[in-house]
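Let me begin by presenting the structure, written as structure tokens, before commenting on it.
The values are calculated or read from the model by the stated rules, or taken from the named source; none is laboratory data. Note that this is a predicted model, so its numbers are computed, not measured. Note that each Cβ is placed from the backbone with ideal geometry, even for glycine, and that neighbours are counted across all protein chains shown. We work out accessible area using only protein heavy atoms, side chains counted, and drop any ligands, DNA or RNA first. Shrake-Rupley method; radii C 1.70, N 1.55, O 1.52, S 1.80 Å.
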Amino acid sequence: MNTDRIVGTRSGIEPVNLFAPDPETPRIAAHPRAAELRRWTREYLCQPHPDLGRSGPVCPYTSRAIANHFLWAAFLEGRSVDAEHLTAVVDDLFDLFPALPPRDEPDSKLKAVLAVFPDLTEYADIDAIQYKQKSRFVEMGLMLGQFYPGCTAPGLHNPDFPALDAPLPMLAVRYMAPTDFPFLSTRHEWMDSYLKLFAPAIPKFITSTMSDRLVQPTEDSTGHRDRVRDTTTAPSAADPLPNQRNGRDNRN
């Protein structure tokens, strides 16, 4: 990575600030779909939606990232972006994300970066790479998410709401938040990373959800039903494997 201009050494990705004054971001400003990306972040991510299943904006963090110029983006053009190229992009995002301003807490927790692939029309590789690479991001306290037109990954509060549907295919990186528990509860290593970061400060509504998922009813010899902590590692019928839930894992 170049230390003066933050450039990925494998893919050449060079994120620039999406909402900084135009003189600082000439390449983003000139891209024909940059205005569309900005509009989507402002008019979709920063706004409430009637099908979201909760109050507040679709993404509770984006408005602060935009207001403080903490949202970064890079457009990677061409229809020939294959799995190998996507892997190189993700490898570079993993390395360069900590170097993107701001670098110090608490502001650094609000930044995010978008790798946008405006010419892609097939998205299976984006799904596959996101799922394959997610674990190492989670281990470092980061989240790797995928967005693209027609993405049907279910929303957290309403499984019929396609929260990751977007006008442009992209991969996004941000810091993990306490409310990410439901996106991490399908794998033990993800939960280990989550609890190491947030156990002392997990919000009450999240701890209630955790209790519901970890505690299951049992029946003793007298017929009395009690609730005990399930210590098994096998998934239950209520917690299907990733490829059994609506045909797609809620993997973000």
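Place the peptides 64-73, 197-206, 143-152 in order of packing, highest mean first, counting for every residue the other Cβ atoms within 10 Å and averaging per peptide.
Values: 64-73: 20.1, 197-206: 12.1, 143-152: 18.1.
Ranked by mean Cβ neighbours within 10 Å, highest first: 64-73, 143-152, 197-206.
Relative to the compact-globule scaling 2.2 N^0.38 Å, provide the ratio for the alpha-carbon radius of gyration of the stretch 92-131. Before the final figure, lay out each step's value.
On the way: Rg = 13.4 Å, N = 40, 2.2 N^0.38 = 8.9 Å.
Output field value: 1.50.
Select from Ala20, Ser80, Pro57 the residue farthest towards the positive end of the dipole of the stretch 1-143; place +1 on Cβ of Lys and Arg, -1 on Cβ of Asp and Glu, and compute about the Cα centre.
Working it through, the farthest residue towards the positive pole turns out to be Pro57.
If you add up the charges near Phe161, with Lys and Arg at +1 and Asp and Glu at -1, over every other residue whose beta carbon is less than 13 angstrom from its beta carbon, what do you get?
On the way: positive: Arg54; negative: Asp51, Asp160, Asp165.
Charge balance in the 13 Å sphere: -2.
Would you work out what percent of the accessible area of the stretch 29-110, with all protein chains in place, is carbon or sulfur (probe 1.4 Å)?
Carbon and sulfur atoms account for 50 percent of the accessible area of the stretch 29-110.
His49: net charge of surrounding residues, Cβ under 13 Å, Lys/Arg +1, Asp/Glu -1, itself excluded?
Working: positive: Arg54; negative: Glu43, Asp51, Asp160, Asp165.
Result for the neighbourhood of His49: -3.
So what are the ³J(HN,Hα) numbers for the stretch 97-108, from phi and the Karplus equation (6.51, -1.76, 1.60; θ = phi - 60°), rounded to whole Hz, Gly and Pro as x?
4, x, 7, 6, x, x, 9, 10, 6, x, 4, 4
Tally Lys and Arg at +1 and Asp and Glu at -1 over the other residues with C-beta under 13 Å from the C-beta of Asp119: what net charge comes out?
Values: positive: Arg33, Arg79; negative: Glu77, Asp82, Glu122.
Residues close to Asp119 contribute a combined charge of -1.
What would the Debye equation give as log₁₀ I(q)/I(0) for the stretch 148-213 at q = 0.25 Å⁻¹, counting only Cα atoms as equal point scatterers?
-1.15
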